[in-house]
Amino acid sequence: MCNQSVGLIQRAVEETGISTVSITLVESIAKRVKPPRALLVPYRLGHPLGEPNNPTLQHAIIAETLELLQDEGTPPILKSSSQKGEFDGQN
Amino acid sequence: MASIRKIDHIIQFFMKFYRIQRYKTSPHTPLCLPLNECKVALITTAGFYLPEQVPFDSNDCSYREIPNSIQTQVLSAGHKSEAYDKRGIESDVNLAFPLDRFKELEIEGKIGSLNHRHFSFMGSITKPKSLIKRTAPEVAQMLKSDGVDVAFLTPV
């Protein structure tokens, strides 16, 4: 699925000497494919940036993802987003 | 939380049809520049394409080049998976290809610049051999030759 494809492409880009970050929606796939740096977001498939037409939320997720570039740890770096899931508090 | 459990079931169902690659380590290119000096490129696997481009097929490992200068509203969503609700990306491309958000970051000076082109792939690829061996390395080389420092990738 999409999350695997992102990880595979990300690995190829990082291997050429470009620093990479990604968003992932599926923890189990990220743990297998091991993209160098990924932010795990609590949203349903189809919504990696949270909500459509919500630039504030989208910028918050992008900022959190870009922060992974400053992490001095050794990849794979997989961090959970601090954003709340869209279903939190509603069910 | 019931909804999240339901999503997990959907993911588990679709994963039965995918042979997920398994790696022991990650490649590592540390970022040596401040972000506000970096050239950034975006990569999406939402299958977006331009009106003049050929739509994606299922299991399609090819890619489409998306010029930085386009208006995001002209993009079509080519991803054919039934695993997700497409209404979100049909309403706002930035949900899976945040080009407008990155243009705002460029104006604000938070990133150095955006590359003149970005890349779109299909996501639901059950046989990724050609992606791994050919098309992903091709795109990586093009970004390298463009002098890109950071690639930001999004699934759908």
B:Gly123 passes all but one of the listed conditions (1) of a type outside the set (Asp, Glu); (2) at the interface with chain A (Cβ under 7 Å from one of its Cβ atoms); (3) within 16 Å of B:Glu37 (Cβ to Cβ); the exception is number (3)
Looking only at the range B:98-120, count how many residues are more than 10 Å from chain A (Cβ to nearest Cβ), within 21 Å of A:Leu25 (Cα to Cα) and of a type in the set (A, V, I, L, M, F, W, C). 1
The conditions are (1) at the interface with another protein chain (Cβ under 8 Å from one of its Cβ atoms); (2) more than 16 Å from A:Leu49 (Cα to Cα); (3) in contact with a strand residue (DSSP E or B) (Cβ under 9 Å, 6 or more places away or on another chain); (4) in a loop (DSSP other than H, G, I, E, B), and B:Ala136 fails exactly one of them. Which is it? (4)
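Every residue, every condition in (1) at pLDDT 95 or above; (2) farther than 12 Å from A:Ala12 by Cα; (3) in contact with a strand residue (DSSP E or B) (Cβ under 6 Å, 6 or more places away or on another chain), yes or no:
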| position | (1), (2), (3) |
| --- | --- |
| B:Asp100 | yes, yes, no |
| B:Leu105 | yes, yes, no |
| B:Gly109 | yes, yes, no |
| B:Ser113 | yes, yes, yes |
| B:Ile125 | no, yes, no |
| B:Ile132 | no, no, no |
Among the residues of the range B:44-64, is any assigned to a helix (DSSP H, G or I), among the hydrophobic types (A, V, I, L, M, F, W, C) and buried (at least 24 other Cβ atoms within 10 Å of the Cβ)? no
Among residues of the range B:84-126, those that are in contact with a Ser or Thr (Cβ under 7 Å, 6 or more places away or on another chain) and either of a type in the set (A, V, I, L, M) or part of a helix (DSSP H, G or I) (or both), counted: 8
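Among the helices (runs of 4 or more DSSP H) contained in chain A, which hold 1 or more residues that are modelled with pLDDT under 95 and within 8 Å of another protein chain (Cβ to nearest Cβ)?
Details: elements: A:2-15, A:27-33, A:55-67.
Because the criterion is at least 1 residues that are modelled with pLDDT under 95 and within 8 Å of another protein chain (Cβ to nearest Cβ), the helices (runs of 4 or more DSSP H) in chain A that meet it are A:2-15, A:27-33.
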(1) surrounded by fewer than 19 Cβ atoms within 10 Å (Cβ to Cβ); (2) over 13 Å from the mean Cα position of the chain (by Cα); (3) more than 7 Å from every other protein chain (Cβ to nearest Cβ); (4) not β-branched (Val, Ile, Thr) all hold for B:Ser91 apart from (3)
Output yes when any residue across the range B:55-69 is over 16 Å from the mean Cα position of the chain (by Cα), β-branched (Val, Ile, Thr) and more than 9 Å from chain A (Cβ to nearest Cβ), and no when none is. no
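The values are calculated or read from the model by the stated rules, or taken from the named source; none is laboratory data. Worth saying up front: this structure is predicted, and the values here are computed from it rather than measured. No Cβ is skipped: glycine too gets one built from the backbone with ideal geometry, and neighbour counts run over all protein chains shown.
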